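One structure is given here, and the rest of the page talks about it.
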Ligand code: GLU
């Protein structure tokens with residue numbers, strides 16, 4: 001069987017957004033699933049829109065995600081060069097063939113003449129297309145006599161157009177095939193004679209893309225739905241060259257969070273959501289990427305993989321290697337898929353759950369010791385991480401969450417006193433509890449002691465817990481109270497209870 005070779009072929013006209021990254025990911029997992037190759041080709045033929053920072057952003061984004069190409073400009077294989085701007089001589093050779101066999105022709109029309117023609121059509125509410133119906137009226141190598149067009153050619157001010165249809169064709173329609181959409185019948189009479197070569201002597205996307213996919217032995221073209229309208233032209237180009245076609249699959253659009261319309265780069269700012277895998281700076285504005293916001297790359301990939309695909313069962317959490325095993329083109333959906341940022345966060349929470357305690361402890365213990373050494377018992381770092389890790393969306397929030405959990409806030413305490421049912425019995429019990437802490441008893445013994453006393457004294461458990469929490473943190477709600485008690489140093493607990501009871505007494509006295 002022929003080797004599966006799939007490629008990601010971005011144009012470096014700006015940062016890589018999540019739509020592009022999804023295309024790269026799907027190509028990557030399909031190629032790896034088939035033990036094939038994943039190729040990165042930079043399509044930089046559009047010199048006007050070229051952005052020199054873009055290629056680095058593409059490379060860095062792929063690298064962060066672990067989507068590493070087998071062949072690329074940085075790591076060329078035997079089908080190079082992998083940047084289209086370095087392949088000009090290849091395109092020249094091929095376009096000549098198309099001209100020789102009458103599939104393409106030179107056109108010399110000025111921009112003004114074309115604009116004029118466009119305007120006239122628009123006035124009638126019609127769309128201008130340059131094709132079999134009107135090409136005779138324009139200046140091209142099909143309409144002009146040879147002497148005139150040779151002269152034009154010498155001036156080197158021409159484009160080369162594809163002859164999409166002509167009355168001499170046997171058929172006026174073709175059947176093209178997409179793996180997601182199925183077979184599509186295309187009326188050739190409605191197609192435009194697209195430009196294949198521009199007057200800057202660079203090929204357009206269409207020509208370069210088809211030639212490169214053929215020469216790089218690409219077996220499957222998986223790309224965004226915006227290229228589906230170009231498929232008929234590409235199909236015809238393959239046939240004109242007499243080449244076998246790859247399989248095509250056009251991915252559904254990624255929709256805005258509202259579900260209405262295609263997600264655009266501008267939506268990032270509009271909805272306050274990331275649209276780039278890693279950050280991008282433009283004219284002093286930096287757009288934070290998923291990486292900088294704090295997403296686990298595994299969560300990010302998982303999130304992206306499910307925008308437009310599902311495994312056909314309930315499973316939602318995937319690692320990259322599981323995606324490689326389970327991904328199939330058949331399960332890509334046809335309709336657009338919504339970008340749901342809340343879901344992205346959910347994936348992050350789920351992937352944080354998969355990180356072992358050990359890894360988190362190694363990563364965070366020094367910082368925890370350094371910042372909270374006075375309050376936290378250093379033997380309890382493991383316990384605190386176990387509790388806090390389930391309460392955060394991002395890994396980097398763990399430290400902040402610890403801070404919140406162990407914090408003691410006198411101001412809040414004062415505000416909260418009136419919210420608590422503090423009987424004389426309860427205050428006495430808090431003093432007893434404090435004395436038990438002094439005896440260095442385990443948290444479980446302390447908990448039993450406290451709850452038993454509450455029931456002996458017929459104090460409601462809710463009131464008792466709230467009062468204790470108030471004394472320890474100043475708050476009336478929060479993480480599991482006895483877990484907090486477990487990891488805060490005994491002397492700190494005692495200090496806090498003393499301090500709180502004093503404040504409560506003062507308050508009661510004053511009121
Ligand atoms: N250069 C095109 C793009 O950036 C590639 C389309 C394709 O994969 O054929 O979208």
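So in region 48-69, with the set limited to residues that are more than 20 Å from the chain's Cα centre (by Cα) and within 14 Å of the ligand (Cβ to nearest atom), which one is surrounded by the fewest Cβ atoms within 10 Å (Cβ to Cβ)?
It comes out as 49.
Quick check on my filter: what residues within region 1-12 are more than 7 Å from the ligand (Cβ to nearest atom) and modelled with pLDDT of 95 or more?
Filtering region 1-12 for residues more than 7 Å from the ligand (Cβ to nearest atom) gives 1-8, 12.
Of everything in region 1-12, those that are more than 7 Å from the ligand (Cβ to nearest atom) and modelled with pLDDT of 95 or more turn out to be 4, 5, 6, 7, 8, 12.
Keeping to region 314-338, report how many residues are under 23 Å from residue 68 (Cβ atoms) and assigned to a helix (DSSP H, G or I).
Qualifying residue count for the region: 8.
Mind telling me which of the residues 472, 485 ends up being more than 16 Å from residue 424 (Cα to Cα), part of a helix (DSSP H, G or I) and within 41 Å of the chain's Cα centre (by Cα)?
485
How many residues does region 157-175 contain that are in contact (Cβ under 8 Å) with a residue 40 or more places away in the chain and either out of contact with any strand residue (DSSP E or B) (no Cβ under 8 Å at 6 or more places or on another chain) or within 16 Å of residue 104 (Cα to Cα) (or both)? First the steps, then the outcome.
If we filter region 157-175 for residues that are in contact (Cβ under 8 Å) with a residue 40 or more places away in the chain, which is where we start, we get 157-164, 174.
The next check asks that each one be either out of contact with any strand residue (DSSP E or B) (no Cβ under 8 Å at 6 or more places or on another chain) or within 16 Å of residue 104 (Cα to Cα) (or both); those that pass are 157-164.
Number satisfying all stated conditions: 8.
Could you name every one of the helices (runs of 4 or more DSSP H) located completely within region 372-449 that has at least 2 residues being touching a strand residue (DSSP E or B) at 6+ places or on another chain (Cβ under 8 Å) and within 22 Å of residue 506 (Cβ to Cβ)?
Helices (runs of 4 or more DSSP H) meeting the threshold: none at all.
Pick from region 70-90 the residues that are in a helix (DSSP H, G or I) and under 33 Å from the mean Cα position of the chain (by Cα): which of them is surrounded by the most Cβ atoms within 10 Å (Cβ to Cβ)?
84
Quick one: would you say residue 42 is within 12 Å of the ligand (Cβ to nearest atom), more than 17 Å from the chain's Cα centre (by Cα) and at pLDDT 95 or above?
For residue 42, the condition - within 12 Å of the ligand (Cβ to nearest atom), more than 17 Å from the chain's Cα centre (by Cα) and at pLDDT 95 or above - is met.
Only one of (1) free of Cβ contacts under 8 Å to residues at least 40 places away in the same chain; (2) within 16 Å of the ligand (Cβ to nearest atom); (3) farther than 18 Å from residue 103 by Cβ fails for residue 178. Which number is that?
(1)
May I ask you to verify whether residue 35 is assigned to a loop (DSSP other than H, G, I, E, B) and away from the ligand (no atom under 11 Å from the Cβ)? Write out each step before concluding.
Numbers: assigned to a loop (DSSP other than H, G, I, E, B): yes; away from the ligand (no atom under 11 Å from the Cβ): yes.
So residue 35 passes the test.
Being crowded, with 20+ Cβ neighbours inside 10 Å and more than 19 Å from residue 22 (Cβ to Cβ) is the filter; apply it to region 235-249 and report the residue that is nearest to the ligand (Cβ to nearest atom).
246
Kindly list the number of the only condition in (1) touching a strand residue (DSSP E or B) at 6+ places or on another chain (Cβ under 7 Å); (2) more than 26 Å from residue 264 (Cα to Cα) that fails for residue 85.
(1)
Scan (1) more than 9 Å from the ligand (Cβ to nearest atom); (2) surrounded by 17 or more Cβ atoms within 10 Å (Cβ to Cβ); (3) outside any loop (DSSP other than H, G, I, E, B) for the single condition residue 20 breaks and write down its number.
That leaves (1) as the condition not met.
So, residue 264, is that one closer than 29 Å to residue 131 by Cα, modelled with pLDDT under 95 and either surrounded by 14 or more Cβ atoms within 10 Å (Cβ to Cβ) or away from the ligand (no atom under 12 Å from the Cβ) (or both) or not?
No, not satisfied.
What number goes with the only condition from (1) under 17 Å from the mean Cα position of the chain (by Cα); (2) within 15 Å of the ligand (Cβ to nearest atom) that residue 279 does not pass?
With respect to (1) under 17 Å from the mean Cα position of the chain (by Cα); (2) within 15 Å of the ligand (Cβ to nearest atom), residue 279 is out only on (2).
Return the residues of region 187-232 that are surrounded by fewer than 21 Cβ atoms within 10 Å (Cβ to Cβ), closer than 29 Å to residue 111 by Cα and within 13 Å of the ligand (Cβ to nearest atom); say none if nothing qualifies.
Once the filter is applied, which keeps residues that are surrounded by fewer than 21 Cβ atoms within 10 Å (Cβ to Cβ), closer than 29 Å to residue 111 by Cα and within 13 Å of the ligand (Cβ to nearest atom), region 187-232 yields 204, 205, 206, 226, 227, 228, 229, 230, 231.
Please tell me if residue 283 is over 16 Å from residue 251 (Cα atoms) and surrounded by fewer than 16 Cβ atoms within 10 Å (Cβ to Cβ).
yes
The values are calculated or read from the model by the stated rules, or taken from the named source; none is laboratory data. Small disclaimer: the values here were computed from a predicted structure and weren't measured. In this analysis, Cβ positions are derived from the backbone assuming ideal geometry, glycine residues included, and neighbour counts consider all displayed protein chains.
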